Amino acid sequence: MADDSFRTERDSLGEMQVPADAYWGAQTQRAVENFPISGITFGRRFVRALGVVKKGAAQANRDLDLLDEERAECIIEAADEVIAGEHDDQFPVDVFQTGSGTSSNMNANEVIANRATELYGGELGSREIHPNDHVNYGQSSNDVIPTAMHVASLEAVERDVLPALAALRDELAAKESAFEDVVKTGRTHLQDATPITLGQEFGGYRAQVEKGIERVRGVREHLSELALGGTAVGTGLNTHPEFPTLAAEYISEETNIDFREADNHFEAQAAHDAMSEAHGALRTVAGSLNKIANDLRLLASGPRNGLGEIDQPENQPGSSIMPGKINPVVAEAVNQVHKQVVGNDAAVSAGAAEGQIDLNLYKPVLAHNFLQSADLIANGSEAFAEKFVAKLDADREHCERQVQQSMALATALNPAIGYDKASEVAKAALKEDKTVREVAIEKGYLTEAEADEVLDPRKMTERVILSDED
């Protein structure tokens, strides 16, 4: 009795049994069986990008009269469905596969070909629209996969990472303004330093994120280059000379992002320095987020035996044993994002450096790690902005008390009484548990009026231009 839960598909190695309702074919099924490695498959961004590339290729081949109109329109419609996410469950190939990504390219070719065949009026597996001869016409896995990598990566940057960082920057800017009048103790080497405003500290965080945005924007130039048209080794064998530019124009139209043919197809397929460079920008941004999250955790430490200069949001109970404990859980999640992105960067930088001769064979892992980092940074930044930074408040009274007790106020005495006397005052204040102001007056170095003028913490946060006489 025939098993109607499977159908027979064929490739150059022979027949394969494929689930009857699957759009994928023999090569995808072989990959599923050959690579039971991680259980991790490509996500929405990359599958969408494969659809975008196949659609653009079909449009270009149609315009160049290399693909008949009816078949081309069926391929375009099927690719549109892939782009829209209607067939995400039809991409079962493990990320850890052949290094060129051939299995994922053929997965896309087979899914689109079988769905297009249905639209054409044929049966699944009949190959009336062929995965190689029609869907993959004028292409190779060696140029399709790096093209999809760049499309997916730049879309992730433009649609996810940059908007999320902008949202975080705006929340930090709001706190910069809200806390501009909160004078507090600065800290260098984790020791008391001269006064600073809480707003100035948040201004530093805001500027750090702004510069991160600039760095990420800088990846556009090289990620916008597409390898499509190079085919197997970069020579463009079996491809119309106008195909690369025309396909890039259609891909740009579909994504609303400016893409262009690679400056050099040999470089675009044999090396993936653009991916390494772009991920380096993500790693740097992740480091910025880690620094900011660590600082805010320190400033919120307490509530009674820490720095306690800012009040953190009560996102959730912090302990299963200590009642009433609240932890900076969202900031801690951001810290963990950084560690994962650093790990991903090691994989990306190593993989990008390991191309041999005319092809880099780490394409799938490069794409996967980059896109995971982009997701983590985007989602982490949004959560950090919305659930932590936006809900912070300053403990103004505590900040004022702390700054008055700081030994670093003695720094402002240098121009008035000299470094040696100022050092004497600072040491005495610490030993006698007094303020710098009290000791300076007791020793007769300053009058009360002079102390009020010289030791005003607010003035110490403002840049003063000294004259030559001073």
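The values are calculated or read from the model by the stated rules, or taken from the named source; none is laboratory data. None of the values given here were measured: they were computed from a predicted structure. No Cβ is skipped: glycine too gets one built from the backbone with ideal geometry, and neighbour counts run over all protein chains shown.
Miscellaneous remarks
- Which listed residue, of Ala374, Ala383, Ala378, Ala394, is aliphatic (A, V, I, L, M) and either over 30 Å from Ala333 (Cβ atoms) or touching a strand residue (DSSP E or B) at 6+ places or on another chain (Cβ under 7 Å) (or both): Ala394
- Which listed residue, of Phe370, Phe388, is closer than 30 Å to Ala268 by Cα and either of a type in the set (Phe, Trp, Tyr) or surrounded by fewer than 18 Cβ atoms within 10 Å (Cβ to Cβ) (or both): Phe370
- Taking first residues from the stretch 99-115 that are among the charged types (D, E, K, R) and partners that are modelled with pLDDT of 95 or more, the Cβ contacts under 6 Å between residues at least 6 apart in sequence or on separate chains come to Glu110/Trp24; Glu110/Gly25; Glu110/Thr28; Glu110/Pro131; Arg115/Tyr23; Arg115/Ala78.
- Condition met for Glu314 (crowded, with 18+ Cβ neighbours inside 10 Å, out of contact with any His (no Cβ under 6 Å at 6 or more places or on another chain) and assigned by TED's automatic domain parsing to the domain that holds Lys211): no
- Checking Ala378 against (1) of a type in the set (Gly, Ala, Ser); (2) outside the structural domain of Asp311 (by TED's automatic domain parsing); (3) over 26 Å from Phe179 (Cβ atoms), the condition it does not meet: (2)
- Selection from the stretch 101-125 of residues that are buried (at least 24 other Cβ atoms within 10 Å of the Cβ), in contact with a strand residue (DSSP E or B) (Cβ under 9 Å, 6 or more places away or on another chain) and aliphatic (A, V, I, L, M): Met106
- Index of the failed condition, Ile75 passing every other in (1) touching a Gly at 6+ places or on another chain (Cβ under 7 Å); (2) buried (at least 24 other Cβ atoms within 10 Å of the Cβ): (1)
- Those residues of the stretch 20-42 which are surrounded by 13 or more Cβ atoms within 10 Å (Cβ to Cβ) and either outside the structural domain of Val95 (by TED's automatic domain parsing) or not aliphatic (A, V, I, L, M) (or both), in sequence order: Tyr23, Trp24, Gly25, Gln27, Thr28, Gln29, Arg30, Asn34, Phe35, Thr41, Phe42
- Close pairs (6 angstrom Cβ cut-off, 6 or more residues apart or separate chains): under 15 Å from Pro415 (Cβ atoms) in the stretch 448-464, hydroxyl-bearing (Ser, Thr, Tyr) anywhere: Met460/Thr194
- Answer from Ala278, Ala232, Ala247, Ala268 - the residue that is within 24 Å of Arg62 (Cα to Cα), of a type outside the set (Asp, Glu) and surrounded by 23 or more Cβ atoms within 10 Å (Cβ to Cβ): Ala247
- In the stretch 207-255, the residues that are of a type in the set (D, E, K, R) and within 30 Å of Lys175 (Cα to Cα): Glu210, Lys211, Glu214, Arg215, Arg217
- Of all residues in the stretch 385-406, none satisfies being among the aliphatic types (A, V, I, L, M) and at pLDDT below 90.
- Summed over the stretch 46-72, residues that are within 22 Å of the chain's Cα centre (by Cα) and surrounded by fewer than 21 Cβ atoms within 10 Å (Cβ to Cβ) total 0.
- Scanning the stretch 179-206 for residues that are aliphatic (A, V, I, L, M), free of Cβ contacts under 8 Å to residues at least 24 places away in the same chain and surrounded by 15 or more Cβ atoms within 10 Å (Cβ to Cβ) yields nothing.
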